[in-house]
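Data block below; observations after.
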Amino acid sequence: MANIMIRKNDAGGLVFYLPKRDLEDNIASIEFDTPAKWGGELKLASGGTYYIEPQEAPARLPVSVRAKRVDAPE
Amino acid sequence: MSTLTREETESLIQEVLEVYPEKAKKDRAKHLAINDQSIEQSKKCITSNRKSLPGVMTIRGCAYAGSRGVVWGPVKDMIHISHGPVGCGQYSRAGRRNYYVGTTGVNTFAEMNFTSDFQEKDIVFGGDKKLAKIMNEIESLFPLHKGITVQSECPIGLIGDDIEAVSKKAAKELNKVVVPVRCEGFRGVSQSLGHHIANDAVRDWVLSNRDGQHFESTPYDVTIIGDYNIGGDAWASRIFLEEMGLRVIAQWSGDGTIAEMENTPKAKLNLLHCYRSMNYISRHMEEKYGIPWMEYNFFGPTKIEESLRRIAAFFDDSIKEGAERVIAKYKPMMEAVIAKYKPRLQGKRVMLYIGGLRPRHVIGAYEDLGMEVVGTGYEFGHNDDYDRTIKEMGNATLLYDDVTGFELEEFVKRIKPDLVGSGIKEKYIYQKMGIPFRQMHSWDYSGPYHGFDGFAIFARDMDMTLNNPCWGKQTPPWKAVKPAEEVKAAA
Ligand code: SF4
């Protein structure tokens, strides 16, 4: 488990940031994206996958959440 | 020599790697790349932020340098104790030319070196008592200081001193901000982690100090974050931000004060200059206080105009008009600079090897002068830096990460740029090779280079270096004219 931060970029897309390793990456897709249920599997543009416990959508971004690494290159 | 093709560059990299043993070769190969603008993710072509190879000459610094030297050092009204042996602080003292106003030794201290000067007995018995004593001494000798930071050097982490406890106690006694920073040199692979640690210390010990306090704010409050005011850079940027109607409420950390840092969460927008060293705190403020941040680039008129318009887009029409007014006001001046220097610099090729944000940010300024950057690299960049660089650089140009002394020398010999921009450690090697050189960390004791005013100085400096008559006098006259006679005279 690691702390990650999710923010919006200028283009409106979601950006994944892992402070511990200074990893920044665009989020290609998020499994659940409704106000009531948000999270699940995050697919990163580089091909990695992280998982966050589905939860209520945050009131505003950026938000720090705990995430599990499902599979990420290196 | 004309620009290399992709294949030539490829073979150049292979040739340079040839001298390394198998394992080192494999490792270094990952750090050298040929730029390809079609790549979106730098990860696919270049590896960065890895431990340097033992045995090669690297140009990196340590985490302590990142915190004491870069992030905290310029905060002028605080006293930064280099906690540990004397050398780390003394040898890096005042080297970055972070300009500030104030009377050094009375109410500002950025150029001074404070150290706990560890001796053997401090290592054996611990240095906490000494640290507490130093803080009291500081208070009596320099009563106008506004706070203290403890910048740990390597031994502190090794002997396990509790600088946090000492700092907390001192903060109570002195009623001032005392910040312990765990930036021991051995942490991380370069100064980069030091920046991060320093940012975390700001977050934990400074940023929320004035939460809930009243602040006279305006809708146009912005901050300049990550400008270290080298040669007056931050001043040259601030001047026209204010001209376009914004109010700069804090400047980090060049010419900065602790009060400004504490007031930063009241801003409407954080303007981030050095992404590498201060993105951490900007991200934190975005999350905690909802302050957006934006990276800007004030090198060269093209990029300045672009940045000003992007900044203005965050505000109402009066600022947008302000931005246009400022751009229009400086346009004639910029045109005059370009008219004067472009003909003298047109087509010249530059290789850079620097740190922080400059390997990508100065490209625009060179292009404004008709010059071309044919190779660039970061000392301690990360993936996200290279992501941002790929788009700025031309195709088939060279990218090198944490380049070794040998590699850079070989690249320069083959690519034969007209100008090399790097640091003091590289300067004399290339000058002796007969290649014009500018220090791009300290602006070669010139500057500022940021902003409109800075661009005029930048252009003059580049011309002064490149077109200096000395480059035509590399061969001593006696060797050039009559070699035979010289031999006779010597005999
Ligand atoms: S690596 Fe350690 S000993 Fe060396 S300068 Fe940095 S803090 Fe000092």
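The spread of Cα positions in segment B:76-199, taken along each principal axis and listed from longest to shortest, comes to 37, 32, 25 Å.
Just list whichever of B:Lys416/B:Lys479; B:Lys43/B:Lys331; A:Lys20/B:Lys266; B:Lys413/B:Lys479; B:Lys43/B:Lys303; B:Lys25/B:Lys425 have alpha carbons separated by over 30 Å in the model shown.
Working: B:Lys416/B:Lys479 23 Å; B:Lys43/B:Lys331 39 Å; A:Lys20/B:Lys266 27 Å; B:Lys413/B:Lys479 23 Å; B:Lys43/B:Lys303 26 Å; B:Lys25/B:Lys425 24 Å.
Pairs exceeding the cut-off: B:Lys43/B:Lys331.
Calculate for the protein assembly as shown the 222 nm mean residue ellipticity that helices alone would give, adding -39,500 (n - 2.57) per DSSP H run of length 4 or more and normalising by residue count, nearest 500 deg cm²/dmol. Don't jump to the answer; show the numbers that get you there.
Values: 21 runs with 216 residues, N = 565.
Mean residue ellipticity at 222 nm (helix-derived): -11500 deg cm²/dmol.
Computed over the Cα atoms of chain B, what is the convex hull's projected area averaged over all directions, in nm²? Walk me through the numbers before you get to the answer.
Numbers: hull surface 111.8 nm².
Computed as one quarter of the Cα hull surface, the answer is 27.9 nm².
Net charge within 15 Å of B:Gly364 by Cβ-Cβ distance, Lys/Arg positive one each and Asp/Glu negative one each, not counting B:Gly364 itself? Net of charged neighbours comes to +1.
Rg/Rh for segment A:1-69 stands at 0.92; both radii use Cα atoms, and Rh follows the Kirkwood definition. Placing +1 on the Cβ of every Lys and Arg and -1 on the Cβ of every Asp and Glu, with no other charges, gives chain B a dipole of roughly 780 debye about its Cα centre. Over segment B:191-242, the hull volume per residue, using the convex hull of the C-alpha atoms, is 107 Å³.
Within 10 Å of the Cβ of each residue in B:282-289, the mean number of Cβ atoms contributed by other protein chains is 4. Using a 1.4 angstrom probe on protein heavy atoms only, the contact between B and A buries about 1500 square angstrom of accessible area, both sides summed. What the pair-distance distribution of the protein assembly as shown shows, using all Cα-Cα distances binned every 20 Å from zero, is 19, 52, 26, 2, 0 percent. With q set to 0.14, 0.26 Å⁻¹, the log10 of I(q)/I(0) for segment B:264-341, from the Debye formula over equal scatterers at the Cα positions, is -0.55, -1.17.
Over all distinct Cα-Cα pairs of segment B:210-284, the Kirkwood formula returns a hydrodynamic radius of 12.5 Å.
Report the longest stretch of chain B that contains none of the trypsin sites (Lys or Arg not before Pro) sitting in a DSSP loop with at most 14 other Cβ atoms within 10 Å.
On the way: sites that count: B:Lys30, B:Arg50, B:Lys51, B:Lys391.
The segment B:52-390 is the longest one with no such site.
The residues of the protein assembly as shown present an accessible area of 43 Å² per residue when probed at 1.4 Å with all protein chains retained.
In peptide B:379-389, how many Cβ atoms from other protein chains are near each Cβ within 10 Å, on average?
Numbers: counts 0, 0, 0, 4, 6, 6, 2, 0, 3, 1, 0.
Other-chain Cβ atoms within 10 Å of each residue's Cβ, averaged: 2.
Residue-wise HN-Hα couplings along segment B:416-421, as the Karplus relation 6.51 cos²θ - 1.76 cosθ + 1.60 with θ = phi - 60° gives them from phi, are 6, x, 7, 8, 10, x Hz; Gly and Pro carry x.
Tally Lys/Arg at +1 and Asp/Glu at -1 over every other residue whose Cβ is under 14 Å from the Cβ of B:Trp443; what's the total? Taking every Cβ under 14 Å from that of B:Trp443, the sum is +1. Count Lys and Arg as plus one, Asp and Glu as minus one, and take only other residues whose Cβ is under 10 Å from that of B:Tyr289; the net charge is then -1. What do you get for GluC sites (Glu not before Pro) in segment B:206-301 restricted to DSSP loop and a cutoff of at most 10 other Cβ within 10 Å of the site's Cβ? Sites meeting the loop and neighbour criteria: B:Glu216.
Under 5 Å from the amide H of B:Thr149 lie the amide H atoms of B:Ile79, B:His80, B:Ile81, B:Val179, each residue being 5 or more positions distant or on a separate chain, with H modelled from the backbone and absent for Pro and chain starts.
Think of chain B as a dipole: +1 on every Lys or Arg Cβ, -1 on every Asp or Glu Cβ, centred on the Cα centre; then among B:Ser82, B:Val374, B:Thr302, B:Val374 lies furthest on the positive end.
The values are calculated or read from the model by the stated rules, or taken from the named source; none is laboratory data. Everything numeric in this text was worked out from a predicted model, so none of it was measured. No Cβ is skipped: glycine too gets one built from the backbone with ideal geometry, and neighbour counts run over all protein chains shown. All accessible areas refer to the heavy atoms of the entire protein, side chains included, with ligands and DNA or RNA removed. Shrake-Rupley method; radii C 1.70, N 1.55, O 1.52, S 1.80 Å.
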